[in-house]
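Everything on this sheet refers to the single structure shown next.
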Amino acid sequence: MSTLVNPQPLLFPTQHASQHSVHRQSPPRIVGKKRKADNDEDSSMGGYRSRSPEDHDADEQMNTAPSPSMEIRPLAKRQRNVVTGRPLPLNRVLETVDANTLKTILRELCTKHPKMEAEILSMVPRPTVSSALGQLTSYDNNMRAAFPYGGNPENDYSYYRVKAALVELLDALSDYTPHFLPPNEMQATNSLAFLDGATDIIHNLPSWSTAMHNHHKQTAYEEISKAWVLVIKEAAKRGAGVQLQYGGWDTKIAKHNERSGGRMQAAAQEMRTSLPGGQEHGRPRFGMGFPMHTGGLNLKNF
């Protein structure tokens, strides 16, 4: 009993040791889980947890930091219309060109490139009787506009004033007339209608006191008379003598010959020989003996 064994004093681990032991045994903390736990705690508290300045700085850093998956691209500039000078397209240029200038351009192109002439002719509408006579009338008006005011319109001074316009008219007449002759024009009515209007223009050509200046008009009568003969012969070959008679062309030819002073006698003679049954005193004999005129049968004889 005397020798008592002193029991070992019970040693309680101090707080420091306990903390050290816990620290040594606990696994490492994960920030993400801690953040999640904090979030859960915040949500459990109703979302009214106050935010510290450190939290605000962390959020700002997350929002403003560029994402590595996004590339910084420059903003595309808006394309603007640049105002600058440029030439007009062909269709607009042609709108500003008058007819005479355009005709001059076409003539020069055909002169430089002869192969273009046939192609242009194939594209241009065929002249009609009215359009051709209208153009000839325009030339005639230009000639008359060239006469001097006052004075004698038949003297040499007047002749030389209008000579250029007169020659231009006669040149146009010599070009248009073959266009309406066979075989280029096979419709006798078109040929006769053109020759009728062209002959009236020749009748109205001025006469000059100097005889040698009248050769223009004399030559025009000769050419137009030959054209009448050709058309009348072709019409008779195709059996169009009745058409000539119904149209009163025999009377018209007789009047043209009279106005020309007998210069169209050859055309008048060809017309007489081409009519069915001949002609007597300007009145044709045809069919059952009924006289014919421009309108057809003369019903007064019935």
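The values are calculated or read from the model by the stated rules, or taken from the named source; none is laboratory data. Remember, it's a predicted structure, so these values are computed and weren't measured experimentally. So basically every Cβ, Gly included, is an ideal-geometry build from the backbone, and we count neighbours across all protein chains shown.
Points to keep in mind about this one:
- Enumeration of residues in segment 203-214 that are surrounded by 16 or more Cβ atoms within 10 Å (Cβ to Cβ) and outside any helix (DSSP H, G or I): 205, 206, 208
- Any helices (runs of 4 or more DSSP H) falling wholly within segment 72-170 and containing at least 2 residues that are more than 30 Å from residue 189 (Cβ to Cβ) and under 26 Å from the mean Cα position of the chain (by Cα): 90-95, 99-112, 115-123
- Among residues of segment 77-106 that are surrounded by 10 or more Cβ atoms within 10 Å (Cβ to Cβ), those with a Cβ under 8 angstrom from a residue that is modelled with pLDDT of 90 or more and outside any helix (DSSP H, G or I), sequence gap 6+ or separate chain, pair up as 105/97.
- Scope segment 171-202; condition among the charged types (D, E, K, R) and assigned to a helix (DSSP H, G or I); matching residues: 171, 175, 196, 200
- Flag for residue 234 being crowded, with 17+ Cβ neighbours inside 10 Å, of a type in the set (Asp, Glu) and at pLDDT 90 or above: yes
- Residue in segment 141-152 that is over 24 Å from residue 174 (Cα atoms) and of a type in the set (Gly, Ala, Ser) present: yes
- Cβ pairs under 9 Å, 6+ apart, first in segment 107-133 and without any contact (Cβ under 8 Å) to a residue 24 or more places away in the chain, second outside any helix (DSSP H, G or I): 131/125
- The helices (runs of 4 or more DSSP H) found wholly in segment 215-279 and carrying at least 2 residues that are among the basic types (Lys, Arg) and within 14 Å of residue 198 (Cα to Cα) occupy 215-237, 249-259.
- Residue in segment 110-127 that is in contact with a Ser or Thr (Cβ under 8 Å, 6 or more places away or on another chain) and within 30 Å of residue 193 (Cβ to Cβ) present: no
- Residue among 140, 171, 196 that alone is in the same structural domain as residue 247 (by TED's automatic domain parsing) and either farther than 25 Å from residue 255 by Cα or free of Cβ contacts under 8 Å to residues at least 12 places away in the same chain (or both): 171
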